[in-house]
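Just so it is clear, none of the values below were taken in a lab; they were calculated from the coordinates. Every value quoted in this text rests on a predicted model; they were computed, and no experiment measured them. Quick reminder, even Gly has a Cβ in these numbers, built from the backbone with ideal geometry, and neighbours come from all protein chains shown.
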Amino acid sequence: MRKPFIAGNWKMNMTHLEAIKFTQDFGYEFRNSKGCEVCLCPPFIALRSVKNIIDSDRIEVKLGAQNMHWEENGAYTGEVSPLMLSALGVEYVIIGHSERREYFFESNEVVNKKVKSAFKHNLKPIMCVGESLAIRESGRAEEFVLCQVDECLSGIEKKDIELLTIAYEPVWAIGTGKTATSGDANDMCSAIRRKIAKIYNPETADMVRIQYGGSVKPSNISELMSMSDIDGALVGGASIKLEDFTAILNF
Ligand code: 13P
């Protein structure tokens with residue numbers, strides 16, 4: 001049985017002071033009524049402060065980063081390494097978000113290196129895949145997304161895959177208010193699971209959690225969570241609105 005998993009991707013929002021206030025307020029409001037695993041993914045500069053509040057206020061949430069480099073250290077000005085994230089007590093890391101792919105030119109090959117490096121440093125990757133509107137309209141969405149899954153997971157061992165979360169985020173649904181229908185989102189998540197079964201085996205595929213992301217809000221979360229192959233959500237905009245995020249977690 002897969003435990004539901006909802007993560008909030010704050011993206012490039014909130015100063016560390018705002019992050020402290022938000023996390024304190026969140027800890028006060030949040031009741032984990034659904035037995036769901038919950039993760040907050042603030043910007044790098046707020047990870048330490050958010051972690052301190054999670055620990056001191058005993059908030060039942062995990063900490064995630066939004067990106068990382070694949071090397072442990074070295075001459076990579078401005079980058080943050082998996083070693084640094086582990087040392088901070090970060091448990092999850094979002095890898096290959098469509099905004100990284102689009103604005104920072106991250107290829108499937110780069111995503112693959114980062115996923116491998118995350119596992120090496122005991123970080124659990126939330127690996128993002130998803131098609132653009134043009135690809136969806138051309139009828140090649142499934143082929144495209146499954147190719148992303150294949151290339152991004154190249155050479156990754158079965159024991160690691162069991163700790164992997166895949167986030168299916170159709171690019172056209174991110175920040176646009178347009179959500180994929182729960183049926184379409186579930187069809188893609190099922191196709192991803194079948195692909196994992198083919199690369200590894202059905203038991204492994206059964207353990208991998210697949211999230212949907214793209215304009216998730218209080219009004220659509222229940223329906224999404226009721227689908228057979230959607231195990232959770234990667235929430236953007238609504239995750240930095242306290243009322244919306246806590247409502248989503250009470251789906
Ligand atoms: P929105 O929820 O703002 O559409 O963003 C989704 C997303 O990109 C989460 O990673």
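Here the label points at S219 and R194, each 7 Å from Cα along the C-beta direction, are separated by 3.3 nm in the simple model.
Between the alpha-carbon centres of segment 121-188 and segment 79-119 there is a gap of 15 Å.
Ordered by the number of other Cβ atoms lying within 10 Å of each residue's own Cβ, fewest first, K114, K159, K120, K11 fall into the sequence K159, K120, K11, K114.
Would you list E243, E162 from fewest to most Cβ contacts within 10 Å?
Values: E243 10, E162 15.
So the residues, fewest neighbours to most, are E243, E162.
Ranking S56, C152, V208 by how far each Cα lies toward the positive end of the dipole of the chain (charges on Cβ) leaves S56 at the top. Each residue, A75 and K241, gets one label point 7 Å from its Cα in the Cβ direction; the gap between the two is 4.7 nm. Annotation: the antiparallel percentage among DSSP beta bridges lying fully within segment 1-125 is about 0. Each label point was placed 7 Å from the Cα along the Cα-to-Cβ direction; for S138 and K158 their separation is 3.5 nm.
Taking every DSSP bridge with both residues inside the chain, close to 0 percent are antiparallel. The gain in end-to-end length when the E203 to D184 segment is fully stretched comes to 4.4 nm, 0.36 nm per residue minus the alpha carbon separation. Of the residues D231, D187, the one with the fewest other Cβ atoms within 10 Å heads the list, and the complete ranking is D187, D231.
What full-extension length gain, to one decimal in nm, is calculated for D25 and D55 as 0.36 nm per residue of separation minus the Cα-Cα distance? Walk me through the numbers on the way to the answer.
On the way: separation 30, 0.36 × 30 = 10.80 nm, distance 1.44 nm.
Extra length available between D25 and D55 comes to 9.4 nm.
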